[in-house]
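Structure, as C-alpha cells:
Just so it is clear, none of the values below were taken in a lab; they were calculated from the coordinates. These figures come from a predicted structure and were not determined experimentally. A quick note on method: Cβ atoms are made from the backbone with ideal geometry, for glycine too, and the neighbour counts reach across all protein chains shown.
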Number of protein chains: 2
Amino acid sequence: MLIKEISILQAGQLLKGRDILIEGNRIARIGRDLKDEGHEETIDGRGKLAIPGLVNSHTHLATALFRGYADDMLLQHWLEEKIWPLEARLTPEDVYWGAKLGCLELIRFGTTCYNDMYFFPDETARATKEMGLRAFLAAGIFDIRPELLAEAEPFIRRWQGDELICPAVGPHAAYTCSEETLLQARDLADRYNTLIHIHVAETKEEVDGFNLTKGLSPVEYLDSLNMLSPRLVAVHCVWLTLEDAHLLAARGANVVDCTVSNLKLCSGIAPLNCLLEAGVNVCLGTDGSCSNNNSNLFGEMKVTAIVQKNAYQTPAAFSAEQVWHMATEGAYKAFGLQMGMREGALADLALIDLRKPWLYPQSNMVSHLVYSMTGEVDTTIVNGKVLMRNGFIPGEAEILEEAQKRFLRLTS
Amino acid sequence: MLIKEISILQAGQLLKGRDILIEGNRIARIGRDLKDEGHEETIDGRGKLAIPGLVNSHTHLATALFRGYADDMLLQHWLEEKIWPLEARLTPEDVYWGAKLGCLELIRFGTTCYNDMYFFPDETARATKEMGLRAFLAAGIFDIRPELLAEAEPFIRRWQGDELICPAVGPHAAYTCSEETLLQARDLADRYNTLIHIHVAETKEEVDGFNLTKGLSPVEYLDSLNMLSPRLVAVHCVWLTLEDAHLLAARGANVVDCTVSNLKLCSGIAPLNCLLEAGVNVCLGTDGSCSNNNSNLFGEMKVTAIVQKNAYQTPAAFSAEQVWHMATEGAYKAFGLQMGMREGALADLALIDLRKPWLYPQSNMVSHLVYSMTGEVDTTIVNGKVLMRNGFIPGEAEILEEAQKRFLRLTS
C-alpha cells in the first residue's frame, strides 16, 4: 500500500508531501516521490496528516453497550442498582456485540490498539480480530467468582502467539483479590511472560483501607508480593504518596491515567506531574463507557492536560507534548509495540483530515491534536490493513442495529 | 423549508419520525406527515436528531487566528510575549477573517448564536452576517485605550435593529476599567437597552485586589455601581462568596461559566452548584481560542459536568440535564432568544447524525449529547437558512486559506 503526498509530524514539525510505503504489516519507507508501481492500493494523502495510532491503555470495551444507561448517580447505587444487575444478565454474545460497538469507536477515534479487562475475553478477542484492531485482553479476576482465575490460563494458551490479540492476566484490584489470588495471577503472568493489568489506588477509601488493615499503601502491598515490574500496568493511581511514585519508577512499572473517568466518578485527580518527575512511564486510558462515556482519546488528552495544569496551579505544568507522549510513545513502551512514524514500525496509522477549521491555522500541530481535535479521524490502518477509509467502515450499520437490540433486551 | 422524519427530544425523550415545517425564520409546525407541497427546500431527517441551536455565551471569536500559537505558558509571559504583540499588529481585515474562521467552527459545532467581546466589532459583525449566524457583539473597553469607550455608542447605533447582530456594551472588567468608565458603560447600556458583557472574578488575584483596595468583592463593587441586573452577563465568576451568589441571584444577573479556559489558565473552578442553588441563571461559553483552543460547546459541557462532580465530591452533583440547560435554555433566557423545539420559536437548529457508534445504544440521548458527542454536527440552520448541509459549508476552503496567510503574516 502506498499513501501519497501526506503530511507527517517529525519532532513536532509538520512535514508536507511525504509518501509512506507499507509492505505487509510494516512501514517500509517514508520519503518523497516513492513509486507506486505494483502496489495494490494507493491512498491520496493530500490535505491529510498521518499519525501513528493512539493506544487506549485502559478500557472495558464491551460496556459501550451500557452507554448512558446510568449517569450522575452515587457510586454504590450506580453499581448495585444499575451496572451489576445488567452484567448479571450479560451473555457471551452480548460481549461480542458490545466489543464490536466499542471497536467502531476506537477506529473512528484513530485508536489502533487497546488494553482491555472484561468478562468473556474470548468474545472480545473474536470481535477485535474481525474488526482488525490490535488488543491486549484479560478477563477481570475477582475472588467472588473463583472460576475467573481458573479460566485465565486456558485463555492465554488459546491466544498466545496471535498476530493481533495478546492475552494478559487481569486481577481486578488488590481489594477484590486475596493475596493468594494475586500471587497466582503473578505466577501465571511470569510463566507466560504476559502483562498484568490491575486497578490500583483508584479511590481514597481503597487506600485508607490498606493503610488501616495492612499498614501499607496499595502500591507498597503489591511490591511486597513482587508484583511491581515493567510487565505491570497499574491503572488509575489517583491516591499515591511520593514514596509510591518512586517505588513504581524504581520497579519500571507502568501507570495508566483515566482523568475523565476519575472526575465523573469523583475519584480525584492523579498526581501525574509527580509520577513523571519520578520517572514513571505514564499512559492514557478512557476506562469503560459507563464512566466516560466514550472511548475518545483526543478528548481524554485535552481534559488530562488542562486538569493537571489547574491542579498544579501553573499553565506550564503539563504540556501538549507530554500528554501526546502518554497516548503514543508511553503506551508503545508499556506494551512493547514497535510503533511510530518510522521505517520498520508496525503499519498502525490514523489519517486526519486537516481541512477542519479547528485545525487552522496550521501552526503547532501537536497543540491542535491535543487541545482542538474533536476526535474523529478520516482513515484508520492497522497491521497494514485499512479498517476505515474516508469515514466508511464496512458493516457498521449492522453492528449499531444489533447493539441497540441487545441493549433493549438487557434493560427490558 | 420542511425537515422530514427527524427525531426530536421532548422532556428528555427521543421522539422519532417528526416533521418540522419552517416558514420564514420561524418553526411554523412540528408534527407527523406534514405536507411538503410548495416548499422550496426539503431535508431528509431520517437517522438524524434535531436540537435547538446551542449558544456560546462567551467568546473572543477572532482569536481563532491565534490557535496553538502560545500554549502551556505562564499567564504573564503568554500575554506579554505572545498575545499582546500579536494583537498590536492586528488589522480590521485580520479580525474579519479570524471571525470567519471562528464562525466555521460554530457552524460545525451546532452553535447558532454567540456572545463576543473583541476589537473591531464591526468586522466581526460583517463576517457573522455573511456566514449567517446570530451574535451579540461588543468591543472590549479598557481604560488604557480610551477611544474604545467613545466608539461604543456609534457601534450600537450602526447595528441596533439588525436581524442577526445585536450590539452590546463590553467593559472588559472592573480591574481594567475605572469607576467612571464602568458608569458610562452602564448608562450607555441603559440608554440603548443593551446587554453588558463583562469579565468578573476570574482569578483569585483579582478578587484579593478588590478586597484589599475597596473592602468589597468584585460582585459587591459592581452592585454598588448599580450594574447587576438581568441585562448583565458576568463571565467566569470563579472566585465568589456565597453572598456574591445570592446577590447575583437577587439582581437577576446572568453568569457564564468557561470551565475549559479556567482550567487551562489555572484560574480555578467556578462554584456552579452554589450558583444554581442560589437561583442564578448560568450559561456556558468556550472563551477564546488562545485558552481553549476550540469553540466546541459539546466538549465544554462534558468537562463542566465532570469537573463539577469531582469538585463537589458526588457524581450526583451535576447532571447532564443541568449542563445541557446551561448551553440552551439558560442562554435563551439570558439573551432573550425565542428559541427551543416548539412552534413559533426561531428556526435556529442543528441536525445531528445519530448513526455514530458513540451515540449508541440510543437510550438516554441527553447523556449522549453531553458525555459522548464529539461536537461535529451534520446540518446547521439559522434564522430559517441552511448554513451547513451534510457537513458542507460553501466557501470554507477560501476562509481556511486566507486565515493561514494572515496568521503567517502576523507571526512573521
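log10 I(q)/I(0), Debye, Cα-only the range B:5-103, no solvent, q = 0.21, 0.22, 0.24 Å⁻¹? With one equal scatterer per Cα and no solvent, log10 I(q)/I(0) is -1.06, -1.14, -1.27.
Label-to-label distance for B:Ala88 and A:Leu74 is 5.8 nm, based on points extended 7 Å past Cα in the beta-carbon direction.
Cα-Cα over 29 Å: which of A:Lys4/B:Lys385; B:Lys16/B:Lys385; B:Lys214/B:Lys309?
Those over the limit are A:Lys4/B:Lys385; B:Lys214/B:Lys309.
Give the shape of the range A:262-412 as rounded, prolate or oblate, defined through the alpha-carbon gyration tensor: a ≥ b ≥ c are the square roots of its eigenvalues, a/c under 1.5 means rounded, and otherwise the shape is prolate if a/b is larger than b/c and oblate if not. Since a/c reaches 1.5 but b/c is at least a/b, the shape of the range A:262-412 is classed as oblate.
Can you give the helix-only mean residue ellipticity at 222 nm for the protein assembly as shown, where every DSSP H stretch with n ≥ 4 adds -39500 (n - 2.57) and the sum goes over all residues, rounded to the nearest 500 deg cm²/dmol?
Details: 30 runs with 309 residues, N = 824.
Taking each H run of at least 4 residues, the total per residue is -11000 deg cm²/dmol.
Between the helical axis of B:121-131 and the longest alpha-carbon principal axis of chain B there is an angle of about 10 degrees. Karplus-derived 3J(HN,Hα) values for the range B:278-290, using 6.51 cos²θ - 1.76 cosθ + 1.60 with θ = phi - 60°, are 6, x, 6, 7, 10, 10, 10, x, 9, 6, x, 6, 7 Hz; glycine and proline are entered as x. Using θ = phi - 60° in the Karplus curve 6.51 cos²θ - 1.76 cosθ + 1.60, the 3J(HN,Hα) couplings for the range B:15-22 round to 10, 9, x, 9, 10, 10, 9, 10 Hz; x is entered for Gly and Pro.
Going from the alpha-carbon gyration tensor of the protein assembly as shown, what semi-axes, largest first and in whole Å, does one get by taking the root of 5 times each eigenvalue?
43, 30, 27
Just B:His325, B:His39, B:His246 to compare: in a GNM of chain B, with alpha carbon springs under 10 Å, which one fluctuates most? Fluctuation is largest for B:His39. Placing unit charges on each Cβ (+1 for Lys and Arg, -1 for Asp and Glu) gives the protein assembly as shown a dipole about its Cα centre, and among A:Gly132, A:Trp159, B:Gln338 the Cα reaching farthest toward its positive end belongs to A:Gly132. Of the cross-linked pairs A:Lys204/B:Lys302; B:Lys82/B:Lys405; A:Lys100/A:Lys302; A:Lys302/A:Lys356; A:Lys333/B:Lys82, those separated by over 28 Å at the C-alpha level are A:Lys333/B:Lys82. Fewest-first ordering of A:Cys258, A:Cys166 by other beta carbons within 10 Å of each residue's beta carbon gives A:Cys166, A:Cys258. Would you mind checking the tilt of helix A:396-411 against the longest principal axis of the Cα atoms of chain A, expressed as 0 to 90 degrees and rounded to 10? It works out to around 20 degrees.
Rounded to the nearest whole Hz, the Karplus-based 3J(HN,Hα) values (6.51 cos²θ - 1.76 cosθ + 1.60, θ = phi - 60°) of the range B:23-33 follow the sequence 10, x, 9, 10, 7, 8, 8, 10, x, 10, 6, with x at glycine and proline.
Of interest is the spacing of the C-alpha centroids, which for the range A:77-130 and the range B:270-332 amounts to 30 Å. With label points defined 7 Å past Cα in the direction of Cβ, position A:Gly38 shows copy-to-copy spacings of 6.9 nm, given to one decimal and shortest first.
Helix B:92-108 axis versus longest C-alpha principal axis of chain B: approximately 40°, rounded to the nearest ten. The radius of gyration of the Cα set in the range A:54-334, together with its Dmax, comes out at 17.4, 49 angstrom.
Farthest towards the positive end of the charge dipole of the range B:19-103, among the residues B:Met73, B:Ile51, B:Gly24, is the Cα of B:Ile51, using unit charges on the Cβ of Lys, Arg, Asp and Glu.
Distances from A:Gly395 to itself in the other copies, using label points 7 Å out along the Cα-Cβ axis, amount to 4.5 nm in increasing order.
Sorted from nearest, the other copies put their B:Thr314 label points 3.7 nm away, the label point being 7 Å from Cα in the direction of Cβ. Considering only A:Leu369, A:Leu75, A:Leu164, the mean-square fluctuation computed in a Gaussian network model of chain A, springs between alpha carbons under 10 angstrom, is largest for A:Leu75.
Which whole-number percent is the relative contact order of chain B (Cα, under 8 Å, 6+ apart)?
Numbers: 862 pairs, mean separation 85.2, N = 412.
Computed value for chain B: 21 percent relative contact order.
Residue by residue along B:371-380, Cβ atoms of other protein chains within 10 Å of the local Cβ number 5 on average.
Give, rounded to the nearest 20 debye, the magnitude of the charge dipole that the range A:54-334 has about its Cα centre when Lys and Arg contribute +1 at Cβ and Asp and Glu contribute -1 at Cβ. Let's see the in-between values first.
Working: 21 positive and 36 negative charges, 135 e Å.
With Lys and Arg at +1 and Asp and Glu at -1, about 640 debye.
Distant-in-sequence amide contacts of B:Trp239, defined by a placed amide H-H separation under 5 Å and a gap of 5 or more residues or a different chain, comprise nothing. Of B:Ser295, A:Ser7, the sequence from fewest to most neighbouring Cβ atoms within 10 angstrom is A:Ser7, B:Ser295.
Charged side chains reduced to their Cβ positions (Lys and Arg at +1, Asp and Glu at -1) give the range B:1-153 a dipole of some 860 debye around its Cα centre.
Amide H to amide H, with H built 1.01 Å from N, A:Leu387 comes under 5 Å of A:Thr380, A:Ile381, A:Val382, counting only residues 5 or more places away or on other chains. Overall, the protein assembly as shown carries a charge dipole of about 1140 debye about its Cα centre when +1 sits on the Cβ of Lys and Arg and -1 on the Cβ of Asp and Glu, all other atoms neutral.
Lys and Arg at +1, Asp and Glu at -1: add these up for the other residues within a Cβ distance under 9 Å of B:Thr112 and post the number. Before the final figure, lay out the partial values.
Values: positive: B:Arg134; negative: B:Asp348.
Every neighbour counted, the sum reads 0.
Of all residues in chain A, the one whose Cβ lies closest to the rotation axis carrying A onto B, together with that distance in whole Å, is A:Thr374, 2.
Among B:Ala397, B:Ala62, B:Ala138, which one moves the most in a GNM of chain B with springs linking Cα atoms closer than 10 Å? In this elastic network of chain B, the residue with the biggest mean-square fluctuation among B:Ala397, B:Ala62, B:Ala138 is B:Ala397.
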